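The values are calculated or read from the model by the stated rules, or taken from the named source; none is laboratory data. No experiment lies behind these values; they were computed from the predicted model shown. Ideal geometry is used to build each Cβ from the backbone, glycine not excepted, and the neighbour counts take in all protein chains shown. Heads up: the accessible areas ignore ligands, DNA and RNA and are worked out on the full protein's heavy atoms, side chains in. Shrake-Rupley method; radii C 1.70, N 1.55, O 1.52, S 1.80 Å.
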Amino acid sequence: MANTSPAHPTVATTVPAPASPAARPSAPRTLLLAQLSNSVGDGAFYVTSALYFTDVVGLSAAQVGAGLAIAWAVGSPAGVPLGALADRRGPRGVSVLLALVTAAAVASFLLIGSFPAFLAAATLYACAQSGLAAARQALLAGLVAPADRTAVLARLQAVLNGGLAVGAALGGLALHAGTRDAYLAVFALDTAGFLCCALLLGRLPAAAATPAAPTAARGASGTAVLRDRPYVVLTLLNALLLLRMPLLSLALPLWIAQRTAAPGWTVSALFVLNTAAVTLFQVRAARSVTDLGTAAAAVRGAGVVLFAGCAVFAATALPGLGAGAAVAVLVLGAVLLVVGEMRHAAGSWQLGLGLAPADRIGLYQGFYGAGVPVARSLGPLVVTTLLIGVGPLGWLLLGALLALAAAATGPVSRWAARTRDADA
C-alpha cells in the first residue's frame, strides 16, 4: 500500500476531529445498532414490496417500475441540499428527522390505493433515504476519529448485509404466507426499524454544525460542490465503478440462464456467497485503508481484481464447458467480484469523506452518494446491453472500464488533495 506523503495528506487534514473524545467509544456501537435496526426491516421490504404493490395495491408492473424510477430520479439529487442542511443545522438532528420521515414514508405505503399516491409515497421515501445517508455520514465524521472512520464504515457495511439477510428471510415467510396481513406486517416492521433508528441516533452526542470556512465563503449554496472540479470527477469515477452493482442481481442471472450450462440454483448460491463474504470479511478488507494514499491504492487494486473477475465470467461462455465446470468458474468469478467490491468500498468511503471540506461534509456526501442510485437506475441498461448483447467481449470491455476508472482515481484524489492544501 502507498504511504502517506505531503501530496497525499491523511483524512485528518481535511475533516474535523470528533466533537468529544468521550463520545468515541460509544458512538460506533450506537451507529451499528441504528444500522441494524433499519436494515432488518429494509431486507424484508426489498423482497416483498414489488408483490405488495402489484398483488395488494393493484398496480401494474409497469406502474411500479416507472414510479420507482421517477421517485429515485427526484430523490437522488435531494441528498445534496439535505446534506447541506445537516452541515448548517447539525447532522444529529437532521439524521433523526430524516429517519422519522422515512418511517412515515414506509407507513404511508400501507394507505395507498392508486398510482399518484404510490408515486408521492415513493418520492418521499427516496428523498428521505438519500438525505439520511448523507446526514449519517456527516454525523459519523463528527463523532469518530479520522483514523477509525473506514473501519467503522466497514463494520456498518457488515451489519447492513447481515441485517438485510435476516430481513430477507423474514420477508420470505411473508411471501410464503402470501396474505395481505403478512405484507402489512413487513411494512410495519420496516417502519418500526426506522423509528428505532431515529431513537438511537437521537442518543448520540451532538456533532455541531460547522462554522463557515473559506470554502463556504466562496459558495455557501448547495451547488458549491459542483464547482469543485476534482471532487466532481472523483464522484463520476466512483459512479463508473459502481456499475459492478447490477452484475450480481441482474447481469449474472441472465448470463447464467442464456450463455452457460450452469443450473439455475447457481444464481442463489452466488448471492449467498457475496452476502456472507461481505458480512464476514468487509472489516478485514478495510483494515489497511487509513488515509488517502491507502484508499487510492485499494481502489486501484479493486479495479484489477474486478477486471480479472469479468474475464473469468467471460470464460464461462466457452463451448464445451459442462455444468460442473461452469459452476466452478462462476464461483471463482464471484469470489473475485466480492473481493473487488470490498476493496473498492473501503477506498471509496475514505476518499469520499477525506476529500470533503470540513465545513461541507453533509453536502459533499449527498453529492458523492448520488452515484449509488445512478448506478442502480442506469447500470442495468448499460450492463445488459454490454454483456447480454455483446457477449464475452462485453465482459472484457466492462472490466477494462472498471480498471481504468480505478486507475484514474489515484491521480484525481491527489488533484483534489492539492486543492485542499491550497484552501488551507
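Considering only Gly43, Gln350, Thr179, and ranking their Cα positions along the charge dipole of the chain that arises from unit charges at the beta-carbon of Lys, Arg, Asp and Glu, the one farthest toward the positive end is Gln350. Using the 1.4 Å probe convention, the accessible area of the chain works out to 40 Å² per residue with neighbouring protein chains retained. The distance between label points at Trp415 and Asp148 comes to 3.5 nm (points 7 Å beyond Cα on the Cα→Cβ vector).
The label point for Ser114 and the one for Arg89, both projected 7 Å from the Cα toward the Cβ, are 3.1 nm apart. If R0 is taken as 56 Å, the Cβ-Cβ distance between Leu280 and Leu226 corresponds to a FRET efficiency of 0.90.
Averaging the Cα positions of each part gives two centres, and for region 334-354 and region 57-125 these lie 27 Å apart.
Between the labelled values [x] 25, 54, 20, 1; [y] 18, 32, 21, 19, 8, 1, 0; [z] 26, 59, 15, 0, the entry that holds P(r) over Cα pairs in 20 Å bins from 0, in percent as derived from this structure is [z]. Could you tell me the calculated FRET efficiency between Leu378 and Thr54, based on Cβ-Cβ distance and R0 = 25 angstrom, to the nearest 0.05? The computed FRET efficiency comes out at 0.55. Straightening the chain between Ser26 and Leu318 buys 99.8 nm, computed as 0.36 nm per residue apart minus the Cα-Cα spacing. Select from Thr150, Thr294, Thr384 the residue whose mean-square fluctuation is largest in a Gaussian network model of the chain (Cα-Cα springs shorter than 10 Å). Highest fluctuation among the options: Thr384. For the residues Asp359, Asp148, Asp181, a 1.4 Å probe over the protein chains yields an accessible-area ranking, largest first, of Asp181, Asp148, Asp359. Entry note, the chain: the mean residue ellipticity at 222 nm calculated from DSSP H runs of n ≥ 4, each adding -39500 (n - 2.57), is -25500 deg cm²/dmol after division by the residues and rounding to the nearest 500.
Apolar share of the accessible surface for region 110-166: 72 percent from carbon plus sulfur atoms, 1.4 Å probe. Remark: spin-label model distance Leu332-Arg287 equals 2.7 nm, labels positioned 7 Å along the Cα→Cβ axis. A simple packing score, the average count of other Cβ atoms within 10 Å per residue, orders the peptides 81-88, 333-340, 66-73 as 81-88, 333-340, 66-73, with the highest score first. A Cβ-based charge dipole, computed about the Cα centre of the chain with Lys and Arg at +1 and Asp and Glu at -1, lands at about 720 debye. Among Leu173, Leu143, Leu355, which one shows the highest mean-square fluctuation when the chain is modelled as a Gaussian network with alpha-carbon springs under 10 Å? Largest GNM mean-square fluctuation: Leu173.
Taking θ as phi - 60° and the Karplus parameters 6.51, -1.76 and 1.60, the scalar couplings of region 275-287 work out to 4, 5, 5, 5, 4, 8, 10, 4, 4, 5, 5, 8, 4 Hz in sequence order, x denoting glycine and proline. Just to verify a number: FRET efficiency for Arg203 and Tyr46, C-beta to C-beta distance, R0 = 22 Å, to 0.05? After rounding to 0.05, the efficiency reads 0.20.
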